[in-house]
Structure formats: C-alpha cells, structure tokens
Amino acid sequence: MTEKTSNAMWGGRFAAGPDAIMEAINASIGFDKRLAAQDIEASRAHAAMLARRGILTDTDAELIREGLLTVLSEIDSGEFRFSTALEDIHMNVESRLRELIGEAAGRLHTARSRNDQVATDFRLWVRGQCDAAIEGIEALMRALLAQAEDGAETVMPGFTHLQVAQPVTWGHHMLAYVEMLARDRSRFEDARARMNESPLGAAALAGTSFPIDRHFTAQALGFDRPMANSLDAVSDRDFALDFLSAASLTATHLSRLAEELVIWSTAQFRFVTLSDRFSTGSSIMPQKKNPDAAELIRAKVARVNGALVALLTVMKGLPLAYSKDMQEDKEQVFDAADSLMLALAAMTGMVGDMRPNVDRLREAAASGFSTATDLADWLVRALGLPFRDAHHVTGALVKRAEDRGVDLPELSLEEMRAVHDGITADVYEVLGVENSVASRASYGGTAPTQVRAQIARWRETFPA
C-alpha cells in the first residue's frame, strides 16, 4: 500500500502526496483501527441496501460481502497490514477490498462519505461499550450484594468527616455502593437508548441524491431509526460525551470505594483484609502489604474525567457540520473505556475477595461516643424533651464521659442523673451498638431487618 495509492484514493484534486509531518498529523489509523469490526459491519449493511435499491448489482454486492468478510478475518488473525499512508480505517479497509475484488470495491462508497461512515462506526463502538459497562457494573453489584448478605448484622462505625458518627452495619454500607452503581447503570442505559439512531446515509453533510433506504441500514445495524437531520448526523458527538459523562460518574464512585479500601486496610484501621491477589509488597519493607489495585482504581478517575473535559473542549467551538478536529474524539473515549472496564474488573475482584474484620469493626463502632444520638433520641421519646434540649443534655454527658476517659454506657446512672434527674436505667437499652443499629428501622435505614429487605429487593434483579 503506497503513497501513490493514497493519492488515488483522495482523487485527482491532489497532485502530490502529503509530507511526513502532514501524514503524521492527519492519519488516525494508529487508533481508529479499533473500529475495524464496526466499519465492516456498517459497510456490509450499506452494500446490502445498495443492492436492494438497485444501486449495486447483486454480483457486486456479493463480491463486496465476501471481500469484507475476508478483510475482517485478516484483521482478526493479525495478518492485515495497516498503512499510515491510507490515513484511517475506512481507506485501509477499502484499499484492501479493492486488492481482493477489484473494481467492485470502488462502488461500495456510493451514497456515503467518510463523515457518516465514521459517525456510524464510532456510534456502534460506543454503543457496545455501554453494554460492556452495564455488564461490568452488574458484576460489581453482585459482589457487593454478596458482601451485604454476609454482613447484614455486622456492626461497624458510620462516619461523617471521617470521624465516628453512628453505628451502622456492614451490609448497609455495601448497599450504599449498590445504589450508586444502579444509578450508574441507568445512566449508561439512558445514554445507549439516546444514541441508538443511525447516521449512515447522511453522506458528507447534506444527504444523497441516490434513492437509498436509511431505515433498512438502521435496522440492519440494530438502531431504532435513522437520524432525522443529515447535518446533525455527521457532526454529533453527544453520544460519546454521554458515554464519558456516565463513565466519569462511575469512575468517581469506584474511586470513593477504593479510597475506603485503602483506609480500611491500614494498620491503624484494620477494618478489612484484602486478598494477596489485589495487593503488592514493598521492595524494601518486608512487612508491607499495599492496596495497589485500589490506589490505581482511585487514579483511573483522573483519566476518565480528563477524557470528558478533553472532548468537551474539542467540540465546544465547532461550527456545523464536520471538522477535522473531530478526529480527536476517539482516543479519549478509547482510553476512558479501557480505564473504566479495568477498574470495574479490579474492584469486582477486590470486593469478592475482601474479608471484613468483624471484631475490629465492632470495637470501632463502639468508640467515639457513637451512640450519643441514640441517647438524645431516647431523651426525646422517654422524657419528652425538645430535641435541642436533649442535644444539650447529651453533649454534657459526652463531656463528662470524655473527662473520665470512658464511653457513654460506662457512666453510672447517678452520673447521668446529675446532668438530668429524669434519666432512668432504661437508657442503657439504647446505648449498645447492636441496640443502636436495630433501632434504625426506618425505610432505607441500617437495621438488619431493613438491610435484608433491601437485599431481597435487589435479589429479584440479581439472583444469587
């Protein structure tokens, strides 16, 4: 495949080939070869439509169909030689097709442009990545549900400001991420539904004078319908931005969980033990077990967020319809998709393998006056105090316990009554961490009964 071939593909307008710098900046085959399967799929649908409409002969259509299958086989096997001189995946495929079947290959490009061709290929690829992301998210949700089932009654500290706030259950904490990921899944589902329109047949920007059937090609490629405006069809990259937006939120949620795993696995916390499969050692400190997988997941969000910002910046100043700037759309999306899928797989493995340290979790849950709110609530319920007054009384009791170096349940009844003489021995029934979590039985609360109810709801979607 020579430069002369490339010039012939461009047509008679250009007398000389681009120099090395222009070739380097203009070529996209280094990355858009990832669209090979989608390019061939779309070309097959286009050829079938052209034959159906009498624009191509059945003989040429069959030659094209068989030739495209041969090209795909060569690409899949690694035999295909990609050429930078041919710029992109479309011209690489078409050039090889011409070598295989001759003149008929040149008729494939009837009634289409590389503008609608790349828009179709890229949309197909991103649609497939939405499906992959949904599958990856659901696998992680299953792993979290299994943790929630095993730890429905395991008490752990709940935090605000990374300080012990109130006791919660391990199952409740795991389910929080299930809910986040469910929203992530729905965003990919929404994005997929919105992008499922076909640009093919919009040609360069204005449509075509050939009597094509865009509904046929849309259906053949699994789209719901053809896009209704040819200018929009070739210039739209909202579908890629939708994907990156959903990916950014998903990566952010993965990063939050990764951050917790990093903290929880420290010697200071000892909340969780990560498996050796997702940890590494130190080159100098033999005692170290580093949560490298979690740390790398935490860093992946920067790449995914960066891809979103980069593509938004590429698109923000482009007039209709197509501009060569839009060639810079794919690398960002490819990298973000790769980063997201790797992060999902790694997190699913870590969550599946990790083991909560139950005794340490309970010990931490009982620290830091974590049942102070339960005491305030009891003062409201049992003594009829306004909550603000109960808050003040509880604060005074916490101060007294702090001065003595004990926790609230260790204060004697006499010490409590010295702060408020209405307090009775019944108060001790709400101060234990198990009592505390059991009492939080409002819908969506941390009580084991509520955790099991939520698990049962999710198990209707994800059977064990």
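Values computed for the structure shown
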{"item": "Chain lengthening between residue 406 and residue 225 when straightened (0.36 nm per residue, less Cα-Cα)", "result": "58.3 nm"}
{"item": "Distance in nm between pseudo-label sites at residue 461 and residue 162 (7 Å out along the Cβ direction from Cα)", "result": "3.1 nm"}
{"item": "Accessible surface ranking that places the most exposed of 391, 161 first, with a 1.4 angstrom probe", "result": "161, 391"}
{"item": "Amide hydrogen neighbours beyond the local backbone of residue 290, cut-off 5 Å, H modeled", "result": "280, 281"}
{"item": "Per-pair calculated FRET efficiency, R0 = 35 Å: residue 382 and residue 355 via Cβ, rounded to 0.05", "result": "0.35"}
{"item": "Under the Debye formula (equal points on every Cα, no solvent term), log10 I(q)/I(0) of the range 366-461 at q = 0.19 Å⁻¹", "result": "-0.86"}
{"item": "The chain: antiparallel DSSP beta bridges as a percent of all, rounded to 5", "result": "80 percent"}
{"item": "When the chain is reduced to its Cα atoms, the Kirkwood hydrodynamic radius in Å", "result": "26.4 Å"}
{"item": "With Cα atoms, 0 to 90° folded angle of helix 238-264 axis to the chain main axis", "result": "30 degrees"}
{"item": "Close Lys-Lys pairs in the chain, where close means Cα under 19 Å and separation is 8 or more or interchain", "result": "5"}
{"item": "Residue-span extension gain [residue 396 to residue 183] - 0.36 nm each, minus C-alpha spacing", "result": "72.5 nm"}
{"item": "Burial order of peptide ranges 416-422, 327-333 (average beta-carbon count within 10 Å, highest first)", "result": "327-333, 416-422"}
{"item": "Relative contact order (%) - criterion: Cα under 8 Å, at least six apart; region: the chain", "result": "16 percent"}
{"item": "Extension gain (nm, one decimal) between residue 342 and residue 19, 0.36 nm per residue minus Cα-Cα", "result": "112.4 nm"}
{"item": "Förster radius 60 Å - calculated FRET efficiency between residue 132 and residue 435 (Cβ-Cβ, nearest 0.05)", "result": "0.85"}
{"item": "The range 282-385: chymotrypsin sites (Phe, Trp or Tyr not before Pro) falling in loop per DSSP and having at most 10 other Cβ within 10 Å", "result": "none"}
{"item": "Alpha-carbon Rg with Dmax, taken over the range 20-107, Å", "result": "13.5, 43"}
{"item": "The range 85-168: C-alpha gyration tensor shape, a/c 1.5 cut-off, then a/b vs b/c", "result": "prolate"}
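The values are calculated or read from the model by the stated rules, or taken from the named source; none is laboratory data. What you are looking at is a predicted structure, and each value in this text was computed from that prediction instead of being measured. Because the Cβ atoms are built from the backbone with ideal geometry, glycine has one as well, and the counts that use them run over all protein chains shown. Each accessible area value is taken on the protein alone, full model and side chains, heavy atoms only, with ligands, DNA and RNA left out. Shrake-Rupley method; radii C 1.70, N 1.55, O 1.52, S 1.80 Å.
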